[in-house]
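Here the structure comes first, spelled out in structure tokens, and everything after it is commentary.
The values are calculated or read from the model by the stated rules, or taken from the named source; none is laboratory data. All values derive from a computational prediction rather than experimental measurement. Don't worry about glycine lacking a Cβ; one is built from the backbone with ideal geometry, like all the others, and counts go over all protein chains shown.
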Amino acid sequence: MDEVVSALASSQTSAGDGVTDQPIINVYVWDMDETLILLKSLLDGSFAGHYEGLKDHEKGTELGKRWENIILELCDGHFFYEEIENYNEPYLNALRAYDDGKDLTKYGFEADCFSSPYDDANKRKLAYRHRAIGDKYAKGLEKILDHHMLKVWNDLYSSTDKYTDGWLSSAHKLLEEALGKSTAEPGSKPLGINLIVTSGSLVPSIAKCLLYRLDDVVSSDNVYSSWEVGKLQCFKWIKERYGGPNVRFCAVGDGHEERSAASIMKWPFVKIEIGPDAPHRFPGLSLSTIHGIMDAVYQPSSKDG
């Protein structure tokens, strides 16, 4: 991530000097539910329904319920969710201005009397919790869950990936490819940045990223919750954060809201559908397909991100 941001800064600086051979940076803005992961369609049977009896409806529902349970367990047991559920923020660093950088190694979260974050003191306590969540995210589930829960999680992921014909693992592979490689050589593979903008609340979305094994391809500060602010606002924040003369954006999702927001932003949009014969799904969707859609919007002569 730091390498990509440095390249972006170099691109912006050099553009002012008339340099045009800086690498293209592709910013991929992914929806989460029913795009990178499957949950609702397992619970309500719609995923199995697309297969006309070839998929076990009850098994899909059972998998969905197990995902609900493990997501909630991670949120409540490790991410302070019972305390902060009603104080959703759009991203983990939203309250960074209130975080004084205090060492949290021995901080007593249970005894700091956190309450509604409507004053600076409690906003700071909420910011501490967000930082602690980000730290745990960076360490990974192997440092959070015990041996038994790690086995439960691994078995659930494997069972779901098999049931969905590799939806989860193929989505991860595509995001891995989307990151590209860091190089400033003209004509080389583009740099890539993955962000998630989800309509779900922030903490469960962070938990989902870990549990669905997306944490190595999406950093915790690149997860946005549009729960209160809407996806268009999140897209605008992302444009402000990453916009530049050599930057291209693309939104990928299954819903109307992200399609509408992408249209307003003049970004290309890739619609995901779960049907087995859908043109854009997992497995199946490739980076070359996404780049083809992006190329149709971003002509070679265009410098407007």
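For first residues located in the range 104-119 and farther than 12 Å from ALA132 by Cα, partners that are modelled with pLDDT of 95 or more and assigned to a loop (DSSP other than H, G, I, E, B) and lie 6+ apart or on another chain with Cβ distances below 8 Å form the pairs SER116/TYR87; PRO117/TYR87.
Mind checking which residues of the range 64-123 are assigned to a loop (DSSP other than H, G, I, E, B), more than 19 Å from the chain's Cα centre (by Cα), surrounded by 17 or more Cβ atoms within 10 Å (Cβ to Cβ) and hydroxyl-bearing (Ser, Thr, Tyr)? Answer for the range 64-123, where residues must be assigned to a loop (DSSP other than H, G, I, E, B), more than 19 Å from the chain's Cα centre (by Cα), surrounded by 17 or more Cβ atoms within 10 Å (Cβ to Cβ) and hydroxyl-bearing (Ser, Thr, Tyr): just TYR87. Being acidic (Asp, Glu) and under 11 Å from the mean Cα position of the chain (by Cα), is that true of even one residue in the range 200-215? Within the range 200-215 (the criterion being acidic (Asp, Glu) and under 11 Å from the mean Cα position of the chain (by Cα)), the answer is yes, since at least one residue qualifies.
Could you tell me whether the range 155-168 includes any residue that is farther than 26 Å from GLY64 by Cα, crowded, with 18+ Cβ neighbours inside 10 Å and in contact with a helix residue (DSSP H, G or I) (Cβ under 7 Å, 6 or more places away or on another chain)?
For the range 155-168, residues farther than 26 Å from GLY64 by Cα, crowded, with 18+ Cβ neighbours inside 10 Å and in contact with a helix residue (DSSP H, G or I) (Cβ under 7 Å, 6 or more places away or on another chain): absent.
Take the conditions (1) touching a residue at least 24 places away in the same chain (Cβ under 8 Å); (2) out of contact with any Phe, Trp or Tyr (no Cβ under 8 Å at 6 or more places or on another chain); (3) in a helix (DSSP H, G or I); (4) closer than 25 Å to LEU195 by Cβ; GLU142 misses just one of them, which is (1).
Of the residues making up the range 27-42, none is over 30 Å from GLY134 (Cβ atoms), in contact (Cβ under 8 Å) with a residue 24 or more places away in the chain and either surrounded by fewer than 19 Cβ atoms within 10 Å (Cβ to Cβ) or aliphatic (A, V, I, L, M) (or both). State all residues of the range 239-261 that are more than 19 Å from ALA171 (Cβ to Cβ) and touching a Ser or Thr at 6+ places or on another chain (Cβ under 6 Å); if no residue qualifies, say none. Within the range 239-261, GLY244, ASN246 qualify.
Residue check: is SER226 surrounded by 15 or more Cβ atoms within 10 Å (Cβ to Cβ), touching a Leu at 6+ places or on another chain (Cβ under 6 Å), in contact (Cβ under 8 Å) with a residue 40 or more places away in the chain and not hydrophobic (A, V, I, L, M, F, W, C)?
Values: surrounded by 15 or more Cβ atoms within 10 Å (Cβ to Cβ): yes; touching a Leu at 6+ places or on another chain (Cβ under 6 Å): no; in contact (Cβ under 8 Å) with a residue 40 or more places away in the chain: yes; not hydrophobic (A, V, I, L, M, F, W, C): yes.
So SER226 does not fit the description; no.
Filtering the range 39-60 to residues that are assigned to a helix (DSSP H, G or I), touching a helix residue (DSSP H, G or I) at 6+ places or on another chain (Cβ under 7 Å) and among the small types (Gly, Ala, Ser) leaves SER41, ALA48, GLY60.
Yes or no, residue by residue, for (1) under 16 Å from THR35 (Cα atoms); (2) crowded, with 16+ Cβ neighbours inside 10 Å:
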{"position": "ARG241", "(1), (2)": "no, no"}
{"position": "VAL247", "(1), (2)": "no, yes"}
{"position": "ALA251", "(1), (2)": "yes, yes"}
{"position": "ASP277", "(1), (2)": "yes, no"}
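Out of all the residues in the range 226-249, is one or more within 28 Å of GLY140 (Cβ to Cβ), polar (S, T, N, Q), touching a Gly at 6+ places or on another chain (Cβ under 7 Å) and modelled with pLDDT of 95 or more? No: zero hits.
Taking residues in the range 243-264 that are over 25 Å from PRO23 (Cα atoms), and partners anywhere that are surrounded by 21 or more Cβ atoms within 10 Å (Cβ to Cβ) and among the charged types (D, E, K, R), the pairs with Cβ atoms closer than 7 Å and at least 6 places apart or on different chains are GLY253/ASP31; ASP254/ASP31; GLY255/ASP31; GLU257/LYS231; GLU258/ASP31; GLU258/LYS231; ALA261/LYS231. Quick check, is SER219 closer than 30 Å to LEU150 by Cα, in contact (Cβ under 8 Å) with a residue 40 or more places away in the chain, buried (at least 16 other Cβ atoms within 10 Å of the Cβ) and out of contact with any Asp or Glu (no Cβ under 9 Å at 6 or more places or on another chain)? It is true that SER219 is closer than 30 Å to LEU150 by Cα, in contact (Cβ under 8 Å) with a residue 40 or more places away in the chain, buried (at least 16 other Cβ atoms within 10 Å of the Cβ) and out of contact with any Asp or Glu (no Cβ under 9 Å at 6 or more places or on another chain).
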